[in-house]
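Presented below is the structure to which this report refers.
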Amino acid sequence: MKNVHCREKPYSCQLCEYCTANKGSLDKHVKIVHQRIRPFKCPICETAFGQKVHMDAHISAVHNQERPFKCENCHYKATTKGLLDKHQRTVHNKEKPFACQICMSRFGQKAHLQKHVITVHRREKPYKCDSCAYQSSTKSTLHKHIAVIHHKDKPFRCQLCPNSTFGQKTHLDNHIKQVHNIPNPYKCIQCEFSCGTLESN
């Protein structure tokens with residue numbers, strides 16, 4: 001499989017199946033993915049990233065709560081057009097091109113497949129917190145842990161009682177259900193459907 005996809009991408013990583021058309025991209029891949037070099041630090045919470053574009057996306061999404069790219073079919077908003085396109089393919093078009101070679105489960109995104117393999121089959125937690133003993137199977141979960149636990153970030157605000165803020169979207173959803181007694185606060189703009197979480201809509 002690797003040889004098929006890498007015929008026009010002669011530079012192959014010796015540590016995984018990544019391949020690319022130029023050596024510079026391969027060097028960047030090794031530094032970021034395998035050596036875990038994170039030269040770009042968020043000026044607000046000091047979370048480190050391998051690429052500046054990822055740091056900028058983090059600042060926009062976490063600290064500025066900017067999501068300018070809106071889905072035409074649901075309430076989903078994204079920080080980048082790439083994420084919006086990915087959402088459209090996987091959620092609305094139901095595309096699942098990535099298959100697990102162990103159990104044949106299929107996924108809409110390569111990152112979800114990798115997460116599945118690491119957590120379900122390998123049961124690895126390679127991402128370690130520098131401030132405590134917490135370990136995570138994904139980088140995004142570790143970043144969320146650092147932001148919520150150590151930096152006390154609470155970007156999710158209740159629209160019914162604005163003084164209530166939460167570190168995670170699921171905590172806000174639970175708050176709305178339990179405190180305000182609204183089991184399905186998110187309503188579809190095209191029909192009468194409503195649900196308890198934004199991701200389900």
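The values are calculated or read from the model by the stated rules, or taken from the named source; none is laboratory data. Everything numeric in this text was worked out from a predicted model, so none of it was measured. Cβ placement follows ideal geometry from the backbone for every residue including glycine, while neighbour counts extend to all protein chains displayed.
Every listed requirement among (1) in a helix (DSSP H, G or I); (2) of a type outside the set (Val, Ile, Thr); (3) in the same structural domain as Ala147 (by TED's automatic domain parsing) is met by Ala133 save one, (1). With respect to (1) surrounded by fewer than 16 Cβ atoms within 10 Å (Cβ to Cβ); (2) modelled with pLDDT of 85 or more, the lone exception for His29 is condition (1). Tell me whether the range 175-188 contains one or more residues that are modelled with pLDDT of 80 or more and either assigned to a loop (DSSP other than H, G, I, E, B) or under 25 Å from Ile59 (Cα atoms) (or both). Within the range 175-188, one or more residues are modelled with pLDDT of 80 or more and either assigned to a loop (DSSP other than H, G, I, E, B) or under 25 Å from Ile59 (Cα atoms) (or both). Checking each residue in the range 45-64 for being in contact (Cβ under 8 Å) with a residue 60 or more places away in the chain and either of a type in the set (A, V, I, L, M, F, W, C) or in contact with a Lys or Arg (Cβ under 9 Å, 6 or more places away or on another chain) (or both) picks out Cys45, Thr47, Val62.
The condition of being out of contact with any strand residue (DSSP E or B) (no Cβ under 9 Å at 6 or more places or on another chain) and surrounded by 12 or more Cβ atoms within 10 Å (Cβ to Cβ) holds for only one of Ile118, Ile102, that being Ile118.
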